[in-house]
């Protein structure tokens, strides 16, 4: 039987599993959604066993439908990040996971910055203090869930929990560790002084492994649940953004990619010593490289929200096709603006209080206008980040689009017009699963290195060219987009105080 590798991505709304052959071509894929729970404003939680049970079901389906000519040689898992998954001594989750979108720990993040000083935080984590990172979430967990904290044996990340269910081994990959804000990235170890400053236990933090290191093998129990052969090697894996960067060929300066699904992440290779308060620095899945990310919270999520409100009777695929058709029918020039801050916002404004806004609604506004405005608003957010990143000195030459939203030709055209630059869409892109599979394939010798896969996977690229006639209109509309947030930032905070939080 011919060897293949399995790439898995545990995303914010969807788990996707793909089998790749020795040349890096997709053999078969499957995906399914799971719920996010929002018990209160600013909170976003998921059941870790939803990830596992959904994946196990997909793998039984995927492997059961395989042609029998291939054997899985290794497994790589990427995932949404960063989060907080507390495990008890028995390895079971003690509560729902706090995912990256959860913003309840803003006060703890501010305390971390005040107690340590933002310069020290930037020095060891390469990032600004924020509730996005695991450190603030863990401090909140200790203070507000002390009984669960006392029972916590390990704190892991999303893919770390999946790897544990596959292999029985606890660990964390270097990319995930690098955005916990508990890890000293330049020195390569858990930041003991930071943990001591807040009375956090170093014993809860697992061993950290290179992203491509083999951390264990599929157990008999996991084999029975998934259909994977017992003994199959499993690598540490990486963050979804780093895995997607691998697939997109973001392995050197001058190439950037937008990975867009539930959220949207603009990612480029950068110098490690550059820290910007607007962006996220993260270790690359490849050793010795650093990624700079502009992470926007609700790109595809904004359209999904609209789909769920307008197309509840339709399937997911039919719903998105309907939304695209409606948006295509809307006028290209309209006076509706959407602020895509449906769960607060990360880059570049870093404001948990920010909220989504439709500005310019009238009795003449159509459903198509609203859908198009959502697509435009998320593209304006991307332009906002690109403008700041280029002012910071980054060279964003080629910009490649991948992920779920890149399947919409209309959305791609809107982005090209708003950014006023050519874009590349990777046809047949599998997103993060290929990056995760590349790490697994390299670990077992199926692929010599990442460059080999990128060179030999002959994926066609569609170039999207800006129309030109929309540039002056979108330039004026973008200026209005930015001013809307600036003028309403204080009102967003007042609204949060009105609602009240724990």
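FYI, it's all coordinate maths here, none of it is from the lab. In this text the structure is predicted, and so the values were computed from the model without any measurement. Methodologically, a virtual Cβ is constructed for each residue, glycine included, from the backbone with ideal geometry; neighbour enumeration extends over all protein chains shown.
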Practice task
Find, to one decimal place in angstroms, the Kirkwood hydrodynamic radius of region 157-218, where the mean of 1/r is taken over every pair of different Cα atoms and then inverted.
Solution key: 12.3 Å
Completion exercise
Counting only DSSP beta bridges fully inside region 2-239, the antiparallel percentage to nearest 5 is 65 percent
Handout entry: With 10 Å bins from 0: P(r) over region 365-448, alpha-carbon pairs, percent
Key = 15, 35, 29, 16, 4, 1
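Considering only DSSP beta bridges whose two residues both sit in region 1-141, what percent are antiparallel, to the nearest 5?
Working: 18 of 27 bridges.
Once the DSSP bridges in region 1-141 are tallied, antiparallel ones form about 65 percent.
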Problem - Residue exposure sequence - 359, 141, 279, 478 - by fewest surrounding Cβ within 10 Å - result: 359, 478, 141, 279
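When a footprinting reagent is the concern and you count Cβ atoms within 10 Å, what order do 492, 338 take, fewest first?
Numbers: 492 19, 338 27.
By the 10 Å Cβ count, ascending: 492, 338.
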Exercise for the section: For region 195-328, just the Cα set please: Rg and Dmax, both in angstrom. Expected result: 19.9, 56
Practice task
With N denoting the number of residues in region 99-256, provide Rg(C-alpha) divided by 2.2 N^0.38 Å, to two decimal places.
Solution key: 1.13
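So if I average 1/r over every pair of distinct C-alpha atoms in region 2-239 and take the inverse, what Kirkwood radius in Å does that give?
Numbers: mean 1/r = 0.0547 Å⁻¹.
Evaluated over region 2-239, this radius sits at 18.3 Å.
Stokes-Einstein D for region 252-366 at 37 °C, 0.692 mPa s, Kirkwood Rh over Cα pairs, in µm²/s? Spell out each step's value before the answer.
Values: Rh = 16.5 Å.
Diffusion coefficient, whole number: 199 µm²/s.
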Problem - Helix-only CD estimate at 222 nm, as mean residue ellipticity for the chain, using -39500 (n - 2.57) per DSSP H run (n ≥ 4) - result: -12000 deg cm²/dmol
Practice task
Which order do the peptides 433-442, 143-152 take when ranked by the mean count of other beta-carbon atoms within 10 Å per residue, highest first?
Solution key: 433-442, 143-152
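Could you give the Stokes-Einstein D for region 1-122 in µm² per second, using the C-alpha Kirkwood radius, 4 °C, 1.567 mPa s? Don't skip to the answer; put the middle values down first.
Working: Rh = 16.8 Å.
Calculated translational D: 77 µm²/s.
Which of the peptides 361-373, 163-175 is most tightly packed, and how do the rest follow, judged by the mean count of other Cβ atoms within 10 Å per residue?
Averaged packing, sorted descending, gives the order 163-175, 361-373.
Order these peptides, 13-26, 68-81, 320-333, by their mean beta-carbon neighbour count within 10 angstrom, highest first. Let's see the in-between values first.
Details: 13-26: 20.7, 68-81: 24.2, 320-333: 16.7.
Output ranking for 13-26, 68-81, 320-333: 68-81, 13-26, 320-333.
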Handout entry: At q = 0.15 Å⁻¹, base-10 log of I(q)/I(0) for region 376-499 (Debye sum, equal scatterers on each alpha carbon)
Key = -0.86
